[in-house]
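The values are calculated or read from the model by the stated rules, or taken from the named source; none is laboratory data. Since the structure is predicted, the reported quantities are computational estimates derived from the model, not experimental observations. Positions of Cβ are backbone-derived with ideal geometry, glycine not excepted, and every protein chain shown enters the neighbour counts. Heavy atoms of the whole protein, side chains included, go into the accessibility calculation; ligands, DNA and RNA do not. Shrake-Rupley method; radii C 1.70, N 1.55, O 1.52, S 1.80 Å.
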Amino acid sequence: MKNFVAELQWRGMVHDIMPGTEDQLLKEMTTAYIGFDPTSDSLHIGSLVPIIILKHLHNHGHRPIALVGGATGMIGDPSGKSDERNLLDEATLNKNVNGIKALLSRFLDFNSTEANAPILVNNYDWMKEFSFIGFVRDVGKRITVNYMMAKDSVKKRLSGEAGNGMSFTEFTYQLIQGYDFYHLHKQYNCLLQLGGSDQWGNITTGTELVRRMNDEGENKAFAMTCPLITKADGSKFGKSEGGNVWLTADKTSVYKFYQFWVNTTDVDAEKYIKIFTFLTQEEVEAIIEEHKTAPHLRVLQKRLAAEVTTFVHSAEDLEEAIKRSEFVFSNYNYEQLNAISDDFFTDIFGEFFYAEITPEQLNSGQDIVEVLSDVTKIFPSRGETRKALTANAVAVNKEKITDAYRLSDKDLVLGKYILVQFGKKKNFVITVK
């Protein structure tokens with residue numbers, strides 16, 4: 001077998017590993033699983049790490065199981081959380097489970113017939129059969145409360161370090177996740193659970209439950225976690241100005257997804273290209289060295305963005321994202337702006353949509369100072385507006401204007417937008433409705 005653990009280690013993707021795990025993976029094809037929490041009908045880029053780990057696992061000859069937590073999603077994982085999660089209703093939960101299943105199917109072929117074909121499961125399928133009495137009899141008696149309370153995720157909540165205590169519902173989470181491991185162990189001979197470092201407590205509860213619920217000789221169970229991804233400046237990974245960066249284009253457009261990676265710092269890009277791509281160690285080292293010779297060209301960031309965008313979306317989507325990026329950073333004019341599609345315009349400028357005016361207001365011949373201050377509130381006062389116009393710092397659809405300018409139909413882009421720019425970095429879109 002190819003060394004799966006060594007592959008993850010050079011990429012900086014191993015945090016904790018149970019003794020014997022690497023030996024097991026080198027000995028034979030091994031089945032391993034990772035769970036995905038259905039808190040939304042999509043996943044954001046933090047979840048790209050476990051997806052990539054499952055891909056590496058499969059590429060190294062092992063059998064990956066992706067578990068969607070239809071049952072555990074009803075409770076909420078307390079790991080790394082400070083407060084009780086709001087419980088989802090059944091309709092929302094089902095929508096989320098189906099969305100995540102569809103998303104995972106883009107990365108792993110669950111219809112494959114190969115020996116190590118990936119498997120997709122939902123823990124609700126086996127947990128729904130349990131009665132409360134059955135669960136506490138067959139599972140609860142195997143793990144002591146002392147053992148469960150020793151977990152960091154529990155201790156922090158009970159001590160008041162994080163939030164206002166812990167409900168019995170969340171306290172049982174590690175038992176249910178542990179039972180998932182046992183079920184997959186019995187059903188598929190799953191020997192390894194993988195996850196983020198914040199899951200170590202839940203995962204080791206699973207290995208313990210496998211040992212205690214199985215007969216002697218059938219109790220092998222292993223655990224391995226990867227570090228939680230951070231940014232060099234300490235800020236949260238996976239967030240942009242618009243919020244979470246998602247893996248589906250309906251929540252984060254491909255252009256914005258691509259831009260997220262292009263805009264990473266040199267330090268972060270060096271780390272991310274190892275974690276989020278499947279490039280070899282030699283390829284990664286060569287790209288990093290090339291980047292160091294001319295950092296301003298951002299070779300490292302562009303290659304990172306290209307690899308991840310192609311993996312998550314497609315080569316065609318990458319091509320379109322690059323085209324949109326080149327347009328944004330070009331010296332485009334009104335004619336070029338008016339020639340793009342509505343989808344293109346809203347993708348690029350959507351976060352700058354600022355104010356709405358009526359066609360009557362547009363064609364009233366109103367003083368531009370009043371429009372930019374009183375009507376749209378782009379500037380806080382008429383005085384600030386005049387100051388900006390006098391400084392030649394205001395442009396409408398890329399053309400600088402003065403305080404003598406009057407807005408009209410001829411300023412409309414795509415028949416309904418007016419792009420106002422203040423200085424080099426501030427954009428405002430007025431929508432005419």
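Rounded to whole numbers, the Karplus 3J(HN,Hα) couplings from phi for region 146-157 are 4, 4, 5, 6, 6, 5, 4, 4, 7, 4, 5, 6 Hz, using 6.51 cos²θ - 1.76 cosθ + 1.60 with θ = phi - 60°, and x at Gly and Pro.
Across region 1-152, the convex hull enclosing all Cα atoms gives 159 Å³ per residue.
Taking packing as the residue-averaged number of other Cβ atoms within 10 angstrom, the listed peptides 69-75, 404-410 run from highest to lowest as 69-75, 404-410. In the chain, the ratio of gyration radius to Kirkwood radius, Rg to Rh, stands at 1.07 when only Cα atoms are counted. Measuring nothing but how far apart in sequence close Cα pairs (under 8 Å, 6+ apart) lie, relative to its length, the chain scores a relative contact order of 13 percent.
Applying a length cut-off of 15 Å (Cα extent along the axis) and a mean Kyte-Doolittle floor of 0.5 to the DSSP H helices of the chain leaves 48-59, 299-312.
In plain terms, the chain from F130 to T113 could stretch by 3.0 nm, reckoned as 0.36 nm per residue minus the Cα-Cα distance. In a fully extended conformation the segment linking E282 and D374 would gain 27.2 nm over its present Cα-Cα distance, using 0.36 nm per residue.
Would you please give the FRET efficiency between K416 and A91, computed as 1/(1 + (r/R0)^6) with r the Cβ-Cβ distance and R0 = 30 Å, to the nearest 0.05? E(calc), rounded to 0.05, equals 0.25.
A full extension of the chain between A6 and K220 corresponds to an added length of 74.9 nm, given 0.36 nm per residue minus the alpha carbon distance.
Think of it as helices only: each DSSP H run of n ≥ 4 in the chain is worth -39500 (n - 2.57), and spread over all residues that comes to -12000 deg cm²/dmol at 222 nm.
Pairs of alpha carbons in region 389-433 separated by more than 13 Å make up 52% of all such pairs.
Peptide packing for 48-59, 307-318, 340-351, 123-134 was compared via the average number of neighbouring C-beta atoms within 10 Å per residue; ordered from the highest value, the list is 48-59, 307-318, 340-351, 123-134. Divided by 2.2 N^0.38 Å, where N counts the residues, the Cα radius of gyration of region 106-244 comes to 1.23.
Converting phi to 3J(HN,Hα) with the Karplus coefficients 6.51, -1.76 and 1.60 and the offset θ = phi - 60°, region 39-47 yields 7, 8, 8, 9, 10, 9, 5, x, 7 Hz in sequence order, with x at every glycine or proline.
Among beta bridges from DSSP that stay inside the chain, the antiparallel ones total about 45%. For K251, the aspartates and glutamates whose Cα comes closer than 18 Å to its Cα, not counting residues fewer than 8 places off in the same chain, are D37, D41, E241, D317, E320, D342, D343, D347, E351. Determine the distance separating the Cα centre of region 236-310 from the Cα centre of region 324-344; give it in Å without decimals. Region 236-310 and region 324-344 have Cα centres spaced 24 Å from each other.
Order the peptides 291-297, 245-251, 387-393, 32-38 from the highest to the lowest mean number of other Cβ atoms within 10 Å of their residues. Numbers along the way, then the final one.
Numbers: 291-297: 11.3, 245-251: 18.1, 387-393: 13.9, 32-38: 23.1.
By packing density, highest mean first, the sequence is 32-38, 245-251, 387-393, 291-297.
When all alpha carbon pairs of region 197-314 are counted in 10 Å bins from zero, the resulting P(r) reads 12, 32, 26, 16, 11, 2, 0 %.
Measuring nothing but protein heavy atoms, the accessible surface of region 267-344 at 1.4 Å probe radius is 52 percent carbon and sulfur.
Solvent-accessible surface of the chain, taken per residue with a 1.4 Å probe and all protein chains present: 48 Å². Taking the Cα of D403, stepping 7 Å toward and past its beta carbon, and measuring to each backbone N in region 356-383: which are under 20 Å? 365-383, by backbone N distance to the label point.
Legend: residue pairs K55/K323; K302/K416; K377/K410, Cα-Cα distance threshold 25 Å; pairs beyond threshold, K55/K323; K302/K416. Per residue, the convex hull spanned by the Cα atoms of region 275-433 measures out at 138 cubic angstrom. Spatially, region 13-45 and region 185-229 are offset by 9 Å when compared through their Cα centroids.
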